[in-house]
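So the structure is just underneath, and the comments pick up after that.
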Amino acid sequence: MPSDDRTGPLSGIRVVELAGLAPGPFGCMLLADLGADVVLVDRPGGTGLDGPLQRNRRVVTLDLKSPDGVAEMLSLAARADVLVEGHRPGVAERLGLGPDVCQNLNPRLVYARMTGWGQSGPLAAAAGHDIDYLAVAGALEPLGRPGQRPHAPVNLLADFAGGGMLLAVGVLAALLERERSGRGQVVDAAMVDGSALLTTFLHGMIAGGAWSGGRGGNLLDGGAPFYDTYETADGRYVAVGALEPRFYAALLRGLEVVPATEQQDRDGWPELRRLFAARFRTRTRDEWEQVFTGADACVSPVLSPTEAPRHPHNVARGTFVDVGGVVQPGPGPRFSRTPVKEPAVREATTVTEVLAGWK
């Protein structure tokens, strides 16, 4: 997508992204979706990645282990608003591309660093993945059923919510501050920090005595029978989130049951769960969806990633889009005055072509 063909609230913002995995590309995808001109600097031979996370990019290939490649990279950094790198601490400096060098050329540059453990601390140089950052942040231990081991939720929390999303927020905040100071700064986005941030509400519940600890025995972790998932007659599942009394009453009406216990009577929860489980097994998932449509009972079908694009609500909102034959989530959020365009597949370019457009 040519740099002058971009719309959205970040139109005119220039981003240079050093090729990486998962969180960095996701953060840059968010910036690109919102209109930023993101130029992905890939290595010779490429990373082997070319999919939804790389959409809306122009791609240049540079050998950053060669003086010529570093010089071309610095020429991009000198004209960019943002540079994003996801190496372990010290790697960019050894390549001659650290923040001191880049910001000496361009004092307005926002230099964003995406790592697992951050730029400081005893684990800064250690290897890790999503599950490790969740573990140390205290976000993994609560996930799972009573008496069972903690269960990792794919790599959604640390890599994307606590990583790429945090990176994008940091970049946007630094760009906003630059409007006042005229100066860029370094953004240290660490997945362990982001994973910890995601547990803020949980810490509030602990402080307020609303979280007893342990897995699967609390209000929001599947411990409550009215906030859980249930198998249906066809082997699929529904999600139930009937926390408030009026939603709970609607749930009971839809299920056509009259429990012998009150909603908040924890001693009665095991029997209530058995009652709900037996009732949900009498109909298919889609039949229960019809029963609860319009009922305000907070009951929803559990859809697979391939089913979700076909759900009527997602279709009506255009939540998913087709980009180059690949169905994937579309950009968000929505903007009234500066709407974004539908995503496009990445395209190859050269540093010369990029700089010609970055006057």
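So which of R283, R274 is more than 30 Å from T7 (Cα to Cα) and surrounded by 13 or more Cβ atoms within 10 Å (Cβ to Cβ)?
The unique qualifying residue is R283.
Being in contact with a Cys (Cβ under 6 Å, 6 or more places away or on another chain), touching a residue at least 12 places away in the same chain (Cβ under 8 Å) and surrounded by 19 or more Cβ atoms within 10 Å (Cβ to Cβ) narrows it down to one of A242, A168, A189, A250, so name that one.
It is A242.
State the number of residues belonging to the stretch 333-346 that are in contact (Cβ under 8 Å) with a residue 12 or more places away in the chain and not hydrophobic (A, V, I, L, M, F, W, C).
Residues that pass the stated criteria total 6.
If V327 satisfies all but one of (1) surrounded by 16 or more Cβ atoms within 10 Å (Cβ to Cβ); (2) in contact with a Phe, Trp or Tyr (Cβ under 9 Å, 6 or more places away or on another chain); (3) farther than 29 Å from N218 by Cβ, what's the number of the condition it fails?
All conditions pass for V327, except number (1).
Kindly provide the set of residues from the stretch 320-332 that are in contact (Cβ under 8 Å) with a residue 24 or more places away in the chain, outside any loop (DSSP other than H, G, I, E, B) and touching a helix residue (DSSP H, G or I) at 6+ places or on another chain (Cβ under 6 Å), ordered by number.
Q328
Restricting attention to the stretch 42-67, which residues are in a loop (DSSP other than H, G, I, E, B), within 20 Å of the chain's Cα centre (by Cα) and buried (at least 17 other Cβ atoms within 10 Å of the Cβ)?
Across the stretch 42-67, the qualifying residues are R55, N56.
Exactly one condition in (1) crowded, with 17+ Cβ neighbours inside 10 Å; (2) over 27 Å from R14 (Cβ atoms) is not met by V70; state its number.
The failed condition is (2).
Which of the residues belonging to the stretch 204-240 are among the hydrophobic types (A, V, I, L, M, F, W, C), more than 22 Å from Q290 (Cβ to Cβ), part of a loop (DSSP other than H, G, I, E, B) and more than 26 Å from the chain's Cα centre (by Cα)?
If we filter the stretch 204-240 for residues that are among the hydrophobic types (A, V, I, L, M, F, W, C), which is where we start, we get 205-207, 210-211, 219-220, 224, 226, 233, 238-240.
Filter again for more than 22 Å from Q290 (Cβ to Cβ), leaving 205-207, 210-211, 219-220, 224.
Checking which are part of a loop (DSSP other than H, G, I, E, B) leaves us with 210-211, 219-220, 224.
Matches in the stretch 204-240: A210, A224.
Sort out which residues of the stretch 284-317 are in contact with a helix residue (DSSP H, G or I) (Cβ under 9 Å, 6 or more places away or on another chain) and within 26 Å of G216 (Cα to Cα), and write them in order of number.
W288, F292, D296, A297, C298, V299, S300, P301, V302, L303
Report yes if G96 is more than 30 Å from P331 (Cα to Cα) and assigned by TED's automatic domain parsing to the domain that holds P9, otherwise no.
yes
Inside the stretch 205-227, can you point out the residues that are in contact (Cβ under 8 Å) with a residue 40 or more places away in the chain and touching a helix residue (DSSP H, G or I) at 6+ places or on another chain (Cβ under 6 Å)?
P225, F226
Quick check on A124: is it in a loop (DSSP other than H, G, I, E, B), surrounded by 14 or more Cβ atoms within 10 Å (Cβ to Cβ), hydrophobic (A, V, I, L, M, F, W, C) and under 21 Å from the mean Cα position of the chain (by Cα)?
Here the answer is no, as A124 does not meet what is asked.
Given the structure, is L202 in contact with a Phe, Trp or Tyr (Cβ under 7 Å, 6 or more places away or on another chain) and either touching a residue at least 24 places away in the same chain (Cβ under 8 Å) or farther than 30 Å from M114 by Cα (or both)?
Yes; evaluated as a whole, the condition is true for this residue.
List pairs: first residue in the stretch 97-125 and more than 28 Å from E72 (Cβ to Cβ), second residue part of a helix (DSSP H, G or I) anywhere in the structure, Cβ distance under 6 angstrom, at least six positions apart or on different chains.
G116/Y133; G116/M191; W117/V192
Go through the stretch 75-119 and give me each residue that's surrounded by fewer than 21 Cβ atoms within 10 Å (Cβ to Cβ), closer than 27 Å to L197 by Cα and either among the aliphatic types (A, V, I, L, M) or at pLDDT below 95 (or both).
Within the stretch 75-119, V91 is the sole residue that qualifies.
Name the single residue, out of those in the stretch 1-41 being at pLDDT below 95 and not in a loop (DSSP other than H, G, I, E, B), that is surrounded by the most Cβ atoms within 10 Å (Cβ to Cβ).
Ranking the candidates gives S3 first.
The values are calculated or read from the model by the stated rules, or taken from the named source; none is laboratory data. Just so you know, these numbers come straight off a predicted model, no measurement behind them. Positions of Cβ are generated from backbone atoms using ideal geometry, with glycine treated the same way; all protein chains shown enter the neighbour counts.
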